[in-house]
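Engineer: Sharing a structure, written as structure tokens. Questions coming.
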Amino acid sequence: MLKSIILIISSVMVLLSGCSCENNVREVNRAMVPNPFVSVDSVERAAEGAGFVFYCPSEVEGYSKKEISYIKNKLIQVVFRDGNKSILLRKAKGTDDISGDYNKYNNIDNQQVKEYSVTMKGRGDGYYVSSWSYGCFSFAVTSSSPLSAEYMKTLITSMH
């Protein structure tokens with residue numbers, strides 16, 4: 001009987017110590033990465049923080065909320081929202097794709113819009129992403145809802 005009690009107590013202690021170690025391992029592996037985006041109230045304030053100017057529409061029809069942010073010396077983004085719909089406009093230093101959209105699209109078109117060589121990506125219902133570079137800057141339009149080619153081009157021509 002005494003051996004049974006000792007065996008049960010030993011088993012419980014082993015289980016508890018195993019849980020304790022597992023929790024410690026999880027704590028060690030949890031690292032928080034700081035959010036590099038700084039929210040501001042105007043594109044001009046974002047330009048001060050990013051170190052360059054971004055011209056883009058001040059409003060987008062059908063979208064009631066506007067959020068502006070930047071990453072110091074790297075990127076400016078303006079997000080227009082209405083409910084669960086959003087349109088994201090970005091400009092950044094460099095020539096990489098800055099759309100942030102890594103979905104696969106069956107329609108990928110390269111089009112000339114003004115002096116820009118633009119890659120537009122979408123599906124049969126419209127375009128979701130456009131990206132291009134001009135000079136030493138990259139640009140992107142990313143939409144949560146499909147946009148017509150004409151409307152996407154309107155947004156593109158309004159950005160520089």
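The values are calculated or read from the model by the stated rules, or taken from the named source; none is laboratory data. The model shown is predicted, which means the values in this text are computed figures rather than measured ones. FYI the Cβ positions are ideal-geometry reconstructions off the backbone, even for glycines, and counts take in every protein chain you see. Accessible surface is based on the protein model in full, side chains and every heavy atom, while ligands, DNA and RNA are left aside. Shrake-Rupley method; radii C 1.70, N 1.55, O 1.52, S 1.80 Å.
Engineer: Starting from the Cα coordinates of the stretch 32-77, work out the convex hull volume and express it per residue in Å³.
Structural biologist: 78 Å³
Engineer: Still on this structure, please answer the following. Using the beta-carbon distance between Ser144 and Ser58 and R0 = 30 Å, what value does 1/(1 + (r/R0)^6) give for FRET efficiency, to the nearest 0.05?
Structural biologist: Once rounded, the FRET efficiency stands at 0.90.
Engineer: A follow-up question, please. Leaving out ligands, DNA and RNA but keeping every protein chain, what accessible area does Met152 have, in Å² rounded to the nearest 10, with a 1.4 Å probe?
Structural biologist: Roughly 0 Å² of Met152 is accessible to a 1.4 Å probe.
Engineer: If you average the sequence gap of Cα pairs under 8 Å that are 6 or more apart and divide by the length of the stretch 120-160, what percent do you get for the contact order?
Structural biologist: Once divided by the residue count of the stretch 120-160, the mean separation gives 33 percent.
Engineer: Give the relative contact order (percent, whole number) for the stretch 75-160; include only Cα pairs under 8 Å separated by 6+ residues.
Structural biologist: That works out to 29 percent.
Engineer: Of the listed peptides 106-115, 84-93, what is their order by residue-averaged count of other C-beta atoms within 10 Å, with the highest listed first?
Structural biologist: 84-93, 106-115
Engineer: For the stretch 65-160, just run the numbers: alpha carbon Rg, then divide by 2.2 N^0.38 Å, N being how many residues it has.
Structural biologist: Compactness ratio reported: 1.01.
Engineer: How big is D, in µm² s⁻¹, for the stretch 33-118 by Stokes-Einstein at 20 °C and 1.002 mPa s if Rh is the Kirkwood radius over C-alpha pairs?
Structural biologist: The Stokes-Einstein estimate is 149 µm²/s.
Engineer: Hey, quick one: spin label on Lys66, modelled 7 Å out along Cα-Cβ, who in the stretch 79-115 has an amide N within reach, i.e. under 14 Å?
Structural biologist: 79-82, 87-90
Engineer: Could you pull the accessible area for Ser117 with a 1.4 Å probe, rounded to 10 Å²?
Structural biologist: 80 Å²
Engineer: Which one of Ser86, Tyr151, Asn106 has its Cα pushed farthest toward the positive end of the charge dipole of the stretch 69-160, where Lys and Arg give +1 and Asp and Glu give -1 at the Cβ?
Structural biologist: Checking the options against the dipole of the stretch 69-160, the answer is Ser86.
Engineer: Provide the gained length on full extension for the span Gln112 to Val33, in nm with one decimal, where the gain is 0.36 nm per separating residue minus the Cα-Cα distance.
Structural biologist: Full extension from Gln112 to Val33 adds 24.6 nm.
Engineer: Note the full-extension length gain between Asp41 and Thr119 as 0.36 nm times their separation in residues minus their Cα-Cα distance, in nm to one decimal.
Structural biologist: Going from the current span to full extension adds 25.1 nm.
Engineer: How much accessible area per residue does the stretch 17-158 have, in Å², with a 1.4 Å probe?
Structural biologist: Heavy-atom accessible area per residue stands at 60 Å².
Engineer: OK, next. Accessible area of Phe52, 1.4 Å probe, to the nearest 10 Å²?
Structural biologist: Approximately 20 Å² for this residue.
Engineer: Could I ask something else about it? Under a 1.4 angstrom probe, counting protein chains only, how are Arg45, Arg81 ranked by accessible area, largest first?
Structural biologist: Highest to lowest solvent-accessible surface, that is Arg45, Arg81.
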